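The structure appears below as structure tokens.
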Amino acid sequence: MPPTQRLFVAVYPPAPAITDLAGLVSRLAFTRPHPEGLSLRPVPPEQWHVTVAFLGELDPAQLDATIAAMSATAAATPHAPRLRLSGGGRFPNGRAAAIWAGLHGDLDELHELANRLRSALTEARVPFDPRPYQPHLTLARPGDRLGPDELREVLDQLGAYAGPVWAAPALVLMRSDHPVSNHYTEVFSAPLPY
């Protein structure tokens, strides 16, 4: 694995949760045609995930330590967090802005899972993005291209949304092939106990 590939650890919602949210997203303003230069890039539903830790460019020598940290974290988790995709918003970061779906449910357990993973990665000396954890599911970028009326419509519809409840099935290590493509490849999966 070349060191230029970006890695992240995520939780992937199961198919019923993705299908339910996709029904709403297909009707939102950012999926409609826009003039060139003003369109957003919707994230395809098969790539929807909740990042638990962003590792960035990882030295291949650290892959085994990363997998061991994920396995230890999953084994130390008493039960998988039960979550629901619900609500949403926009990160106001200009060109890096993202429209996102929020989560409800066992958020304390999800934060504990992220903290346990970060502690295990720190012990293993695997670097990760240390910014405060904000669980969300990115739907489109860049969110600054929506006009105020369209943005209000999108946020109102996301705000009223509450999808089905699901248990986080696993911690999944993914490789991002960006910027060559917007494709993700699974590297390793550590199942979470139900």
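In summary, PHE54 fulfils each of the numbered conditions (1) modelled with pLDDT under 95; (2) of a type in the set (Phe, Trp, Tyr); (3) part of a strand (DSSP E or B) with the single exception of condition (1).
Yes or no: the stretch 67-79 includes at least one residue that is more than 27 Å from SER119 (Cβ to Cβ), over 19 Å from the mean Cα position of the chain (by Cα) and among the hydroxyl-bearing types (Ser, Thr, Tyr). Looking through the stretch 67-79, none of the residues is more than 27 Å from SER119 (Cβ to Cβ), over 19 Å from the mean Cα position of the chain (by Cα) and among the hydroxyl-bearing types (Ser, Thr, Tyr). Of the residues making up the stretch 105-155, those that are under 30 Å from ARG27 (Cα atoms), over 20 Å from the mean Cα position of the chain (by Cα) and open to solvent by 70 Å² or more (accessible area, probe 1.4 Å) are PRO148, ASP149, ARG152. Taking the stretch 41-77 as the range and being of a type in the set (A, V, I, L, M), free of Cβ contacts under 8 Å to residues at least 60 places away in the same chain and either in contact with a Pro (Cβ under 7 Å, 6 or more places away or on another chain) or open to solvent by less than 40 Å² (accessible area, probe 1.4 Å) (or both) as the test, only ALA69 passes.
Looking at the stretch 147-158, I want the residues that are over 10 Å from ARG90 (Cα atoms) and have a partner that is surrounded by 15 or more Cβ atoms within 10 Å (Cβ to Cβ) with Cβ atoms under 7 Å, at least 6 apart or on another chain. Which pairs are those? Between residues of the stretch 147-158 that are over 10 Å from ARG90 (Cα atoms) and residues that are surrounded by 15 or more Cβ atoms within 10 Å (Cβ to Cβ), the close pairs are GLU150/ALA29; GLU153/ALA29; GLN157/LEU24; GLN157/LEU28; LEU158/GLY87; LEU158/GLY88; LEU158/ALA101.
When GLY87 is tested against the conditions (1) on the phi > 0 side of the Ramachandran plot; (2) open to solvent by 20 Å² or more (accessible area, probe 1.4 Å), the lone failure is (2).
Of the numbered criteria (1) more than 20 Å from GLN47 (Cβ to Cβ); (2) in contact with an Asp or Glu (Cβ under 6 Å, 6 or more places away or on another chain); (3) open to solvent by less than 80 Å² (accessible area, probe 1.4 Å), the one ARG82 fails is (3).
In summary, THR138 fulfils each of the numbered conditions (1) without any contact (Cβ under 8 Å) to a residue 40 or more places away in the chain; (2) in contact with a strand residue (DSSP E or B) (Cβ under 9 Å, 6 or more places away or on another chain); (3) among the β-branched types (Val, Ile, Thr) with the single exception of condition (1). For ALA167, indicate whether it is surrounded by 18 or more Cβ atoms within 10 Å (Cβ to Cβ), closer than 26 Å to ARG118 by Cβ, at pLDDT 95 or above and small (Gly, Ala, Ser). No: the conditions fail for ALA167.
The values are calculated or read from the model by the stated rules, or taken from the named source; none is laboratory data. No experiment lies behind these values; they were computed from the predicted model shown. Here the Cβ is made from the backbone with ideal geometry for all residues, glycine too, and neighbour counts use every protein chain on show. Side chains included, ligands, DNA and RNA excluded: accessible areas come from the protein's heavy atoms. Shrake-Rupley method; radii C 1.70, N 1.55, O 1.52, S 1.80 Å.
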